[in-house]
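Student: Input: one structure, supplied below.
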Amino acid sequence: MRARAPMALLCIGGLAGCERVRHGVQSALDPAGHQAGRIADLWWLFLAVLAAVYALVLILLLVAAFRPRRRGRVPVGSAFPQEAPTERRLTRVLVAWAVGTTAIILTLTGFSYAVDRDILSLGHRAELTVEITAKQWWWQVKYDDPVPNRSFETANEIRLPVGVPVRVILKAQDVIHSFWVPNLHGKTDLIPGRVNETVIVANREGRFRGQCAEFCGFQHANMALDVVAVPRAEFDAWRESQLAPAVAPSDEQSQEGQRVFLTSACVMCHTIRGTTAASRVGPDLTHIATRPSLAAGTLPYSKGNLAGWIADPQRIKPGSQMPVTGLSADQLQSVLAYLDGLK
Amino acid sequence: MERSPHFTADLAHLPTSAHGPRSTTWWGTLGFILIEATAFALAAAAYFYLMGQTETWPPGQSPPDWLWGTVQLVLMLASLWPNLWTDRVAHADDLRRVRIGLVVMSAIGLLTLVVRAFEFGALNCRWDDNAYGSIVWVLLGLHATHLITDVGDTLVLTVLMFTKHVEPRRFTDVTDNCVYWNFVVCAWVPLWALLYVVPRLV
Amino acid sequence: MSARDTSARDSARFIRRDGPALGEAETHARLERTWATPPGLWGWLSSVDHKQVGRRYIVTAFVFFLLAGLLALAMRMQLAGPNQTLLTPDRYNQIFTMHGTTMMFLFAVPVMEAFAIYLVPLMVGTRAIAFPRLNAFSYWVYLAGGVMLWVAFILNVGPDVGWFSYVPLAGPQFGPGKRTDFWAQMVTFTEVAALAVAVEIIVTVLKQRAPGMSLNRIPLFVWGQLVTSSMVVFAMPAVMVSSSMLIMDRLIGTHFFNPAEGGDALLWQHLFWFFGHPEVYIIFLPATGFVSSILPVFARRPIFGYTALVLALFATGFLGFGLWVHHMFVTGLPHLGNSFYTAASMAIAIPSGIQIFCWLATLWDGRPRFATPLLFIIGFIVIFVLGGLSGIMLASVPIDSQVHDTYFVVAHFHYVLIGGAVFPLFGAVYYWFPKFTGRMLSERAGAWNFALFFVGFNLAFFPMHILGLIGMPRRIYSYPAGLGWDDLNLLATAGALILAAGVLVFLGNVWHSLKYGLVAGDNPWGAGTLEWATSSPPPSVNFVHIPVVTGREPLWEEPNGLAAVSGLRVDQRELLLTTVVDAEPDVREPSPMPSIWPLLSAIAVTVLFIGSIFTPWAVVWGSIPLAVGLIGWFWPKSPPDTPEPVVE
C-alpha cells in the first residue's frame, strides 16, 4: 500500500535512467576509462547490496504496520505488561540486526578501499602530462614536454591517445574549481595556493564532456570542456599540428582580419603564436578552428557561433570576462574569416 | 473542581539558592565555559594548521616580545590565590570579606587589561601582515574579550555588594564569577605558550 | 537547613504555598496571577514564558520555511527545461544561496530548538525553561539575523556564494561588496541564539526534572534534545570562528584564507565542516525524538529498546564530530586520512540502523492506529532510510569522487533532511498542535497533506539521483539541451509543485483548525508523557502541582492520576531543582518575572553586529549600549526577601 508508491517510483526512475545511462557524453555510468569503469562497478555493487537492504526495511515496515494482530481493547498503565519473551526475542533480533549492519558496512568499506587503491596506482604509468589552470570561467590547458619548445597551450579541450594514462596537474588562479570528466574519472578540485594532481585514461575512442563541479561564481554553469580520445597516431598528428604556429592568412579578407585582430582589444587577452599577440589572460587562439566548442563548452564551434560570440559575448555568457569588442560588421567578418582559418 | 493530588512530600524547607552544581547558574557558567573553550581550541588548531602551511614561523617577523606576556602570565596565576579566597568567603556568606575580595579582583582585573594593551603593542606584527599576524591578533583578541567581559562582570558585582541588593543569590553570583575567572586564567596558560613559546621553538 | 532561608524564621501561618492547606481553585487562581504574562504589547515584548517564546520561534521558523520553499519553486521553474531565462545568473545564484541558508540556519535548526523550548520543560515536569530571559533574548537575536539577511536579499545584495560560502570566492577579492558579510553576520546572530538555547536546554534537563524522573526515565525526546544541545555547544563555535575570520578577511585585511600571505582556502572548509557535519545531526536527532515520542502513542506500546536508543543518540552525537572531511574528499587531501573518514562515515550507519530497528519493532509489537502523525512517521522511515543508504554510497571515496557536487548529493541530503527531519516535524505538528492550541487538526486534510508531500517529494527528488550520475553538477542556473537531463528535470519540477500543494493543504488545515478544529482535552491521544498531564494549552505555570514520576511513561504508569509535591510558593515565581542523576528535590529556585531587558539587549546586539559589517569600530562603540542592556538585565529589581504578605 504505502510502500508500493516508492517501489513504483524506483522502477520508473530506474527505467528512465536506464536508457540514459547506456549512452552519455557526461555520464559516470557510461565509463570510457579505467577509473570510471572501476567506480561504476563499485557503484553498481553498492546499489545492489543497498537496494536489497532497502527492500528488506520496506518489507519489515509493511509487515510491522499491517500484520494481523489480536483485536480487543488494549489496557494501558501498569496493567499493560511488556511480555518478557517478546522483549527478549526482539532484543536478540536487534543484536543480529546490528551485527548484520556492521558486516555489510565492513564489506562495502573493504570494496571501496580496494577500488580506491586500484585507481590510485595508475599514476605511475602516466606517459603524458597536461597542466590545467582553471580560471573564471574557462580552462587553460598546457601540454607539457621535457623539451621546452615542444610544450604548447590550448583552451577548454584535452585530446588524449586511447589507452595512455595522462597525468593532469591542477591549478587555479582565482577561486576553487573542480575538474570533472565523468566518463573517465571522478573529480578533483583546483584550489588557489595548492597544486593537485589526477590521472585520466581513455579505454576507447570518443568525445566526452567535462564540467566544472565546484561553484565558482557567476558563470559556473558554463564552464565545460571537451575531452576527445583518439588513436595514438591521430593524437601525435594533432599534437604536431598544435605545436605549429598559427596558419598564415591566405586571402585578403583573412589578412584584413589578422590586421584588425592585432590592432584592437583582442591582443589584450589572447595569444596567437606566430604573431605579436601574446597575452595569456584569455584562451590561446592559435588553433581555435580545430576545437569542438567555444566559450568553455557553451557553444559548439561554428563560424556562426563564433560570430555571435565575438559580437556580443555578454548576451551568450553574461558576466564572462570577455567584453563586448565593438567591432564593425566588416571588421567582424574579416576577423571571423581569419580565426576560422586557424586550423 | 478537581481533587487535590496526593502529596508525597512537602518541600517548603528547601533552600532558595545554593552554591556550585546545585544551582542552575553554575551549570550555565559551565556551559559558556565549554563554548568558549571550544572556540579557543579551534583557534589554536587554526594556529597549528597555518603553521604547518608555512616554511618559517613566524614568516618574516620576530616573535612577540617576552616581557608583557609573561608579566600577564605571572599576574594571572597569582590572581588565582585571591580568587580562591573570594570564592571561599562567598561560600561562607561573609559580606565584609566578599567586598574586600571583589575590590581586589576588580583591581587585578583592570591591571590585566592594562597589561593586555601593552601586549598588543609588543606583538611585533600586524593583523594584516600575513596569516601569522592574523591568527596571533585573533588569539590575543579572543582572550582579551574574555578579560573585558569578566572584569565588567566583577565590577558590577562589586558595586552590587555595596548596595541594598545583598541577598543569598548575590553570594552564588560571586562564586560563579570566581569559577569563570579560573577558566580565563587557565585558558591563558596554553595561549601564552602558543603565542610566546611556540614561535621560538620551531 | 541554611540560616539564610527566611522560611525557617517566619511563622508558618504567614506563608502561602501550594499543598493540602490551599484549595485547588485558589491554587490555580493564585498561580495564574503569579505566572501570567501581562496582556498587550508590553507583555508580548517582555514575555519570558517559554511557551510563548517557543510558539514565536515555531511560527517564525515556518515563515522562513515557506520563503525558502518559494525560492525552491523559482529554481525548479528555471530548471524545468534547458537554457531557460526565467532567472538571470546573478538572481539564481542568490536564490540557491538563500534557499540553502534559510533552510539550514533560519528554519531547520531553529524549528528543532523551538520544539525543545516549548516541550522540554513540560516533558520534564517543570514550570519554566532555565534562564527564561536568555530564552527571550535568543528569539529576538534570531529574528534580527533572519530579517537582516532577507532585507539584504530583497535589496539585491543577498549572498550569492552558496550556503557554505567557500573562499576565495567569498573572500574580499572575488566577493566584493557586502553580500557575503550579510551571510556571515547572520550566522553570528543565529549561532548566538542557538548556543543560548542549547545551554538552557542542558540546564533544564539536568537540573529541573520532576522528582522521580531519574536519568533512566527521561523521555527519548528529551534525551535527543540533550544530546543535540551538547552537540551545539561543541559545533557552533567552529562556524562562529570561521565566519568571524571571513568577516575579518573582508573588512580589516586579515589573511586567514589568502594563500598569497600564508593563509589557506581549505582552512575555511575544515572549520566550516567541523560545524557543518554535526549541524545535520543537530537537525536530525531532535527529529528522532519526535519519532520516539509519536510511535509509542500510535503503536500503543512503550518504545522498544529505550537503552539502545539512548546509546544510539550518544553514539551519533560523538561520531558526528568525526566525519567532516567527507565533504572534502576531492580537495586533494592525503588518501590515508580520507580512508579514516570513510570508515567513520560508514560507521555512523550503525547507530542509525539500530534506531530504525527499534522503531520498527515498536510498531511490529504494537497495535497501530493510522492517524496523521503515524503516517508521517511511516513516510519518514521510507524516505530517510533511502537517504541514509545513498549516504553510505557517498562515504566511499571513489563513488564520492564521481557524485560529489552533483545532483546526486542534492538528492541525498534532501532525502535525509526532508525525510529525516521535515516528515517527523510535520508528524510532530499534527501530534502536538492540540497541546499548543487546544484544538485538533483535521485528520482528512492531514491525510491529503501527507499524500501530497510523499508523492511530491519522491517525484521531485528521486530523479536527481540519476541526474547526478549522468553528469549534472550542482548550482548551475541552466543546462544545455542534448545531455539527457531535460525530462528528469521536468519531472522534478512537477514533483516540487505537488509538494507545494501539500504545503498549501497544511496551511489551510492550520488556519481552519485554529478556529473550527475539534476541541482537544488534556490528552486527546492517550499519550504517556508529562506534557499531556496538564491542560491544552497549558496554563502559564505549566503544572499547578509539580508531579512525581514513577516510570518512563508517567501517565501510563499512573492511570489514576499523578502524585505531586507541595511547598512551593504560589505568590512568587518558583520552580523546583532536583539532583542530576536521581531527580531528588534539592532547591526551590526563583524564576524571573517578565522583563524588557532581553529585547533591549537584543536590539543593542543587532546594532553591534550589523554595524560591524560596515566598520570594525562598531564593535567598540556598539558594546556600550550592549553593556547597558546587560547590566539592566541582571540588576536586581526588588529588595531582597521580605516576609510574604498574609493572604487569606
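The values are calculated or read from the model by the stated rules, or taken from the named source; none is laboratory data. No experiment lies behind these values; they were computed from the predicted model shown. Counting neighbours? That spans all protein chains shown, and the Cβs are built from the backbone with ideal geometry, glycine included. To get the accessible areas, we keep the full protein, side chains included, count just its heavy atoms, and leave off ligands, DNA and RNA. Shrake-Rupley method; radii C 1.70, N 1.55, O 1.52, S 1.80 Å.
Student: Mind listing just one residue for me: the one in the range C:480-493 that is open to solvent by less than 40 Å² (accessible area, probe 1.4 Å) and of a type in the set (Gly, Ala, Ser) and, of those, farthest from the other protein chains (Cβ to nearest Cβ)?
Tutor: C:492
Student: Filter the range C:200-224 for residues that are within 14 Å of chain B (Cβ to nearest Cβ) and in a helix (DSSP H, G or I); which is farthest from the chain's Cα centre (by Cα)?
Tutor: Taking the candidates together, the pick is C:207.
Student: Looking at the range C:452-479, which of its residues are surrounded by 24 or more Cβ atoms within 10 Å (Cβ to Cβ), more than 20 Å from residue A:215 (Cα to Cα) and of a type outside the set (A, V, I, L, M, F, W, C)?
Tutor: C:458, C:463, listed by residue number.
Student: Specify the residue that is farthest from residue A:192 (Cα to Cα); the eligible residues are those in the range C:140-173 that are away from chain A (no Cβ under 14 Å), among the aromatic types (Phe, Trp, Tyr) and open to solvent by 10 Å² or more (accessible area, probe 1.4 Å).
Tutor: Only one residue fits best here, namely C:140.
Student: What number goes with the only condition from (1) within 11 Å of chain A (Cβ to nearest Cβ); (2) in contact (Cβ under 8 Å) with a residue 12 or more places away in the chain; (3) among the aliphatic types (A, V, I, L, M) that residue C:343 does not pass?
Tutor: Failing condition for residue C:343: (2).
Student: I'd like the residue in the range A:106-149 that is hydroxyl-bearing (Ser, Thr, Tyr) and assigned to a strand (DSSP E or B) and, out of all such residues, is nearest to the other protein chains (Cβ to nearest Cβ).
Tutor: Across the range A:106-149, the extreme among qualifying residues is A:133.
Student: Mind telling me which of the residues B:133, B:109, B:101 ends up being within 11 Å of chain C (Cβ to nearest Cβ), open to solvent by less than 50 Å² (accessible area, probe 1.4 Å) and either assigned to a loop (DSSP other than H, G, I, E, B) or touching a residue at least 12 places away in the same chain (Cβ under 8 Å) (or both)?
Tutor: Step by step, each of B:133, B:109, B:101 is checked, and only B:133 is within 11 Å of chain C (Cβ to nearest Cβ), open to solvent by less than 50 Å² (accessible area, probe 1.4 Å) and either assigned to a loop (DSSP other than H, G, I, E, B) or touching a residue at least 12 places away in the same chain (Cβ under 8 Å) (or both).
Student: Which strands (runs of 3 or more DSSP E) does the range A:150-257 wholly contain that include 3 or more residues that are more than 12 Å from chain C (Cβ to nearest Cβ), surrounded by fewer than 19 Cβ atoms within 10 Å (Cβ to Cβ) and within 17 Å of the chain's Cα centre (by Cα)?
Tutor: On the way: elements: A:152-155, A:157-161, A:166-172, A:177-179, A:188-190, A:196-200, A:206-211, A:224-230.
Counting at least 3 such residues, we get no strands (runs of 3 or more DSSP E) at all.
Student: Something else: Just checking, which of C:59, C:48, C:53 is outside any helix (DSSP H, G or I), among the β-branched types (Val, Ile, Thr) and modelled with pLDDT of 95 or more?
Tutor: Only one candidate qualifies: C:48.
Student: Applying the selection to the range C:334-383, what residues are over 24 Å from the mean Cα position of the chain (by Cα) and not in a helix (DSSP H, G or I)?
Tutor: C:334, C:366, C:367, C:368, C:369, C:370, C:371
Student: To continue, here is another question. Among (1) more than 12 Å from chain B (Cβ to nearest Cβ); (2) in a helix (DSSP H, G or I), which single condition is residue C:197 missing?
Tutor: Against the list (1) more than 12 Å from chain B (Cβ to nearest Cβ); (2) in a helix (DSSP H, G or I), residue C:197 comes up short only on (1).
Student: Further question on the same structure: Could you tell me whether the range A:46-63 includes any residue that is farther than 24 Å from residue C:454 by Cα, more than 7 Å from every other protein chain (Cβ to nearest Cβ), surrounded by 18 or more Cβ atoms within 10 Å (Cβ to Cβ) and modelled with pLDDT of 95 or more?
Tutor: No.
Yes or no, residue by residue, for (1) in a helix (DSSP H, G or I); (2) under 17 Å from residue C:169 (Cα atoms); (3) open to solvent by 10 Å² or more (accessible area, probe 1.4 Å):
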{"position": "C:233", "(1), (2), (3)": "yes, no, no"}
{"position": "C:238", "(1), (2), (3)": "yes, no, no"}
{"position": "C:241", "(1), (2), (3)": "yes, no, yes"}
{"position": "C:247", "(1), (2), (3)": "yes, yes, yes"}
{"position": "C:250", "(1), (2), (3)": "yes, yes, yes"}
{"position": "C:253", "(1), (2), (3)": "no, yes, yes"}
{"position": "C:260", "(1), (2), (3)": "yes, yes, yes"}
{"position": "C:267", "(1), (2), (3)": "yes, yes, no"}
{"position": "C:272", "(1), (2), (3)": "yes, yes, no"}
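Student: Pick out the one residue from C:177, C:162 that is of a type outside the set (A, V, I, L, M), free of Cβ contacts under 8 Å to residues at least 60 places away in the same chain and not in a helix (DSSP H, G or I).
Tutor: C:177
Student: Turning to a different aspect of this structure: Looking at (1) within 20 Å of residue B:16 (Cβ to Cβ); (2) open to solvent by less than 40 Å² (accessible area, probe 1.4 Å), find the lone condition where residue B:183 falls short.
Tutor: Of the numbered conditions (1) within 20 Å of residue B:16 (Cβ to Cβ); (2) open to solvent by less than 40 Å² (accessible area, probe 1.4 Å), the odd one out for residue B:183 is (1).
Student: Give, as residue ranges, the helices (runs of 4 or more DSSP H) completely inside the range C:384-447 that count at least 3 residues that are open to solvent by less than 20 Å² (accessible area, probe 1.4 Å) and more than 9 Å from every other protein chain (Cβ to nearest Cβ).
Tutor: Per the criteria, C:407-414, C:423-437.
Student: Among (1) under 25 Å from residue B:47 (Cα atoms); (2) under 11 Å from the mean Cα position of the chain (by Cα), which single condition is residue B:178 missing?
Tutor: Every condition holds for residue B:178 apart from (1).
Student: Determine the pairs where a residue that is more than 7 Å from chain B (Cβ to nearest Cβ), located within the range C:564-586, has a partner that is among the acidic types (Asp, Glu) and surrounded by fewer than 24 Cβ atoms within 10 Å (Cβ to Cβ) with Cβ atoms under 7 Å apart, the partner being 6 or more residues away or on another chain.
Tutor: C:571/C:644; C:578/C:584; C:578/C:586; C:579/C:586
Student: Do you know which of the residues in the range C:587-604 that are open to solvent by 40 Å² or more (accessible area, probe 1.4 Å) and not aromatic (Phe, Trp, Tyr) is farthest from the other protein chains (Cβ to nearest Cβ)?
Tutor: In this case the residue turns out to be C:603.
Student: Moving on to the next point. Of the residues that make up the range C:611-620, is at least one modelled with pLDDT under 95 and at the interface with another protein chain (Cβ under 10 Å from one of its Cβ atoms)?
Tutor: yes
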